[in-house]
Amino acid sequence: MKRLVYIVLGCLLSLTPLFAARQTEGMIKGSVTDAAGAPLEFATVYLTGADGTIVTGSSSDEAGQFTLKAVPGEYVLGVSLIGYKDARCPVQLTAQGLELPAIRLEEDAQLLEGAMVQAVMPKTKLTGEGLQTNVHGSVLEHVGSANDVLAKTPGLIKGQNGLEVIGKGAPLVYINGRKVTDASELERLQSNEIQNIEVITNPGAQYDATVRAVVRIKTVRRQGDGFGFNLNASDAQSLRWMPGNDPFGAVNINYRTGGVDLFAGINYQHNSSRQISNIEKATFGKTAAGEEWLFENKGDLLNEYFGQSLYGNAGVNWQMADNHFLGGKVEWGTNLAYDVHTVVNDNVFENGTLVDKLTTTSDDVLGDHRPYNLGANVYYNGLVGEKLGIDVNLDYYGTDFSSSSLSQESSSMTHDARIESDSRNDARMYAAKAVLSYPVWRGQLQVGTEETFTRRSDEYTISGIAIPASSAKVTEDNYAGFASYAFYLPQAGQFSTGVRYEHVNYTYEDAQNHSADLNRSYGNWFPTFSYANAFGPVQLMLNYSAKTRRPNYANLSGAIRYNSRYIWQSGNAQLQPELSHNFSVTAVWKFVTFMVNYSRTNDAIMTWSSPYGDEGVVLVKPRNIETPFRQMTAFVNLTPTVGKWTMNYTLGVIPQWLTIHAPDPRETSGFRVTQFNGKPIFFGQLLNTFTVKGGWQFELGGLLQTRGYTQNMYMRNVYFDLTAAIQKTLLKDGSLVLRLEGSDLTGTAHYDVNSDFGSHTIVQTNLMDTQRVKLSLRYQFNASQSKYRGTGAGADEKARM
């Protein structure tokens, strides 16, 4: 692999003389800021000659700085950024160069007219890639952690399954260009450290083709050297279940001196959950003689989970010289405890006659090998010749997890059973990514490559039932190249286009069952396009992208896992990646944001249940759907402020179109058309924040979702999550924050589900452990945000592993 990385980097760096060959004699240096003096990134800066012809162009970096080169002469310097008024001024360039004072852009009054009742209202604008919401100086500045801010950011919604970009699912999150691999980092990052948040619903070619949504967090630039630390502690208590108590603690330290930045952190987390369900299942089949049979399972389920984890990280960033950065980071984690206790009571009917009354008690615990995950990143980024940007990342990620399971079945009508199983999953990933960027005409050209190599092994043994063991190995190599170009034309707007090509070699080998071995290679092109402009007081953005989703490795394992006497589970080594085409339109007017997303997905991957034999056993496994899956998301977000009351209201609808030819032995053809159309899900999230003197803040909010279809399931109840919080900021510098919050205060944040798989149907009612109160304390001393600039490689592979 080292040889490949050297070849890739050598090829990219060999392009440097070609870019640098352009003759230049004078250099203009400057910076772009907003009216308050904060640096503005991605501003387009260009020179025009006397005839109006564009001579050269560039864009400002994260510090708002830019450089331009041209032969000496008289020019007009232009600066443009969506959401701000254009700025132009004459300049006289000599061979000795020219250094300009900061260029301050004024926000477009038409875009903000009527939007700001107070200066504390968070402003949302289009960036050409997504929606950017300002946090610093708004009511969001002191809401707590980064998680608390994200839950209140336009375009994002926080439901039972965590944080999601509306209509896109869970996003990849970046902080200052570095991918977040430890979810607790978002709990450690404080809201007053965040400058702005950008939500990207159609990521460009520089991102892996599986990435459907990105959230980029930019922190406030800290100045000065010295030592700092921050401490976070919290305790969450279930209101339904006394054992459901989850303490959390984290300590992070940071030391800066000169151009060196050292940082480290450690955190402990306890997690618990509880689920009580009532389940009715029906399975249809035919005997070899052609006689129909019906198995029904009616019963209840109790599932309780306890887990403890410990995570740590350490790293260094070294600013070797102006515009040259080198650094590395190591992250590790382990499970201190893992305990899953499940009790299933089942009444089993065959053709209407009770044939079994079964109680299954299962316990899953850690196996013989201590689980761990270990990640490392080494990076370099900088500028060569004032214009050529270079960003190189080398990554490693490894994980090892083993568990043991014991299921004891007690039957009052048939026989008892004792089932024991052991599993171990071991995976390694090596990745490299290199990106070159260079200003061309009025925009920025970017080319790059990314290689990811994954090795995974799965071992599974079981006793007490006739299910074969499995010993599988997966090898996957992904080679990708991409190019993109973004530019701005006055009056016309901002354009961005890109393309990414990925070639994947995949091998699956099972030492216990060679008939399941599989070798596969495929290559795909993934184009992207976006356009953004301001039309009077309205900002508009159009996006298109092609994306894929590859099955995670657990879904590719052919081993059959035993859940209960009547429910078995396995992966599917024959799964194909799904391919989707995504279109979106976004408009921003004053404090109103409107967005529509539409996607068409071929070979969509969905979970499917079907009979396994003729004794009522159901095998649950993923499969590709042969018909296209189409979905649309439309929502409007309102963020007005009246006095001390700030509102963040999101209202939307998610319709879908899905028709499946499901196997059904009751039909003459053996198939039945099942439709999951016509019942869209409507949703509304209403968040209210009240700020008063003395550092007090009060919050009241709620998320409501109606009945409707989601993929191949029907959500048959109204979901409602009522939340409230009280927060007090202490000390003169606001470095100590106390917060008390409650979730699911009405006890109605749960989903009841109907599923129709043709030959198998499920009706399930759930009561989840989501009614909780949480008390948290956050303190920071001379905290300096890490200057770490590694962007990482192989982001999607880490998620799949």
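General observations
- Listed by chain and number, the lysines whose alpha-carbon sits under 22 Å from that of residue 85, ignoring those within fewer than 8 places in the same chain, are 29, 123, 125, 590.
- Of all DSSP beta bridges confined to the chain, the antiparallel ones make up roughly 95%.
- Taking θ as phi - 60° and the Karplus parameters 6.51, -1.76 and 1.60, the scalar couplings of the range 542-552 work out to 10, 9, 9, 7, 9, 9, 10, 9, 9, x, 5 Hz in sequence order, x denoting glycine and proline.
- Given the chain, longest segment not containing exposed loop trypsin sites (Lys or Arg not before Pro) (DSSP; at most 10 other Cβ within 10 Å): 1-692
- Surface composition of the range 127-167: carbon plus sulfur atoms contribute 41% of the solvent-accessible area (1.4 Å probe, protein chains only, all chains present).
- Neighbours of residue 778, meaning other residues whose beta-carbon lies under 12 angstrom from its beta-carbon, give a summed charge of 0 when Lys and Arg score +1 and Asp and Glu score -1.
- Taking amide H positions as modeled 1.01 Å from N, with prolines and chain starts lacking one, the residues under 5 Å from residue 618 and 5 or more places away or on another chain are 567, 568, 612.
- Extended-chain gain in nm, criterion 0.36 nm per residue less alpha-carbon gap, residue 92 and residue 669: 199.6 nm
- Our summary gives the chain a relative contact order of 12 percent, counting only alpha carbon pairs under 8 angstrom and 6 or more residues apart.
- Degrees between helix 2-13 axis and first principal axis of the chain (Cα, 0 to 90, nearest 10): 30 degrees
- The apolar share of the surface of the range 471-521, taken as the fraction of accessible area on carbon and sulfur atoms (1.4 Å probe, ligands and nucleic acids excluded), comes to 50 percent.
- In the set (1) 95, 60, 50; (2) 99, 76, 64; (3) 89, 56, 49, the label that goes with Cα extents along the principal axes in Å computed for this structure is (1).
- Rolling a 1.4 Å probe over the protein heavy atoms of the range 299-425, with every protein chain left in place, gives an accessible area that is 54 percent carbon and sulfur.
- Computed [θ] at 222 nm, helices only, for the chain once each DSSP H run of length n ≥ 4 contributes -39500 (n - 2.57): -1000 deg cm²/dmol
- Point-to-point label distance, residue 535-residue 653, nm (Cα→Cβ direction, 7 Å offset): 2.2 nm
- Amide H contacts under 5 Å for residue 40, placed H, 5+ residues apart: 32, 33, 34, 64
- In order along the range 568-581, phi translates into HN-Hα couplings of 10, 9, 8, x, 8, 5, 8, 4, 9, x, 8, 10, 10, 10 Hz, rounded to whole numbers, per the Karplus curve 6.51 cos²θ - 1.76 cosθ + 1.60 with θ = phi - 60° and x for Gly and Pro.
- Here the Karplus relation 6.51 cos²θ - 1.76 cosθ + 1.60, evaluated at θ = phi - 60°, turns the backbone of the range 601-606 into coupling constants of 10, 9, 6, 4, 8, 9 Hz, with x for every Gly and Pro.
- Cβ-derived FRET efficiency at R0 56 Å, residue 288 paired with residue 334, nearest 0.05: 0.65
- Heavy-atom accessible surface of the chain, averaged per residue, reaches 42 Å², computed with a 1.4 Å probe.
The values are calculated or read from the model by the stated rules, or taken from the named source; none is laboratory data. As the structure is a prediction and not an experimental result, all values here were calculated from the model. Note that we place each Cβ from the backbone using ideal geometry, even for glycine, and neighbour counts take in every protein chain shown. The accessibility values were calculated without ligands, DNA or RNA, using every heavy atom of the protein model including side chains. Shrake-Rupley method; radii C 1.70, N 1.55, O 1.52, S 1.80 Å.
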